[in-house]
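Notes follow the structure.
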Amino acid sequence: MKKSLFFFLIFISGSIWSQGIDNPDLILGTWIPKDGKSHVKIEKIGNKYFGKVVWLKEPLDKETGKPPLDKKNPDQQLRNQPIMGLRIMKDFTYTGKGIFKEGRVYDPNDGKTYCGKITIISDDEIDLRGSICGFSILGRTETWKRHKP
């Protein structure tokens with residue numbers, strides 16, 4: 001009796017969890033990357049998901065005393081745009097079971113854009129993987145935590 005109740009509870013909790021994980025809008029909200037130096041708001045535009053910087057731990061550049069700029073952008077014309085408000089995640093498409101693919105992730109720390117994949121781990125955690133496009137094995141995965149005001 002105890003064993004069957006135990007397995008029943010595990011089955012029910014797993015079913016509830018998987019129902020929530022199949023809700024793509026669970027990803028909406030503000031997330032804190034691993035380094036904690038910024039907050040990224042993920043929003044839905046049409047049927048795709050995007051993320052932009054909405055908070056910086058250091059809102060002013062130590063050298064200039066002004067908001068930090070995207071100095072390492074490979075497009076010289078974009079190097080004067082502020083990091084605050086910068087869209088660093090673009091065009092993610094929900095593919096089911098808590099997974100988003102076909103997106104791009106821009107890293108202002110190195111000025112490079114990577115192919116991205118997002119996996120919802122729970123209501124409060126996502127894994128973001130950035131890799132060299134065409135070589136998904138060459139990349140890294142970070143766990144981001146949901147910002148709770």
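Things worth noting here:
- Filter pass, THR95 being over 18 Å from GLY36 (Cα atoms), among the polar types (S, T, N, Q) and either touching a His at 6+ places or on another chain (Cβ under 9 Å) or not in a strand (DSSP E or B) (or both): no
- Among the criteria (1) surrounded by 15 or more Cβ atoms within 10 Å (Cβ to Cβ); (2) farther than 16 Å from VAL40 by Cβ; (3) aliphatic (A, V, I, L, M), the one LEU78 does not fulfil is (1).
- Verdict on ILE121 being assigned to a strand (DSSP E or B) and within 21 Å of VAL53 (Cβ to Cβ): no
- For region 122-149, filtered to residues that are of a type in the set (A, V, I, L, M) and within 12 Å of the chain's Cα centre (by Cα), the residue that is surrounded by the most Cβ atoms within 10 Å (Cβ to Cβ) is LEU128.
- The number of residues in region 85-100 that are without any contact (Cβ under 8 Å) to a residue 24 or more places away in the chain and either within 20 Å of PRO68 (Cβ to Cβ) or surrounded by 16 or more Cβ atoms within 10 Å (Cβ to Cβ) (or both) comes to 1.
Table: residues versus (1) of a type in the set (Ser, Thr, Tyr); (2) on the phi > 0 side of the Ramachandran plot; (3) at pLDDT 90 or above; (4) surrounded by 13 or more Cβ atoms within 10 Å (Cβ to Cβ).
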{"position": "PHE8", "(1), (2), (3), (4)": "no, no, no, no"}
{"position": "ILE27", "(1), (2), (3), (4)": "no, no, yes, yes"}
{"position": "LYS41", "(1), (2), (3), (4)": "no, no, yes, yes"}
{"position": "LYS44", "(1), (2), (3), (4)": "no, no, yes, yes"}
{"position": "ASN47", "(1), (2), (3), (4)": "no, no, yes, no"}
{"position": "LEU56", "(1), (2), (3), (4)": "no, no, yes, yes"}
{"position": "GLU63", "(1), (2), (3), (4)": "no, no, yes, no"}
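- Filter result for the condition that a residue is touching a strand residue (DSSP E or B) at 6+ places or on another chain (Cβ under 6 Å) and at positive phi, over GLU102, GLU125: GLU102
The values are calculated or read from the model by the stated rules, or taken from the named source; none is laboratory data. Worth saying up front: this structure is predicted, and the values here are computed from it rather than measured. Positions of Cβ are generated from backbone atoms using ideal geometry, with glycine treated the same way; all protein chains shown enter the neighbour counts.
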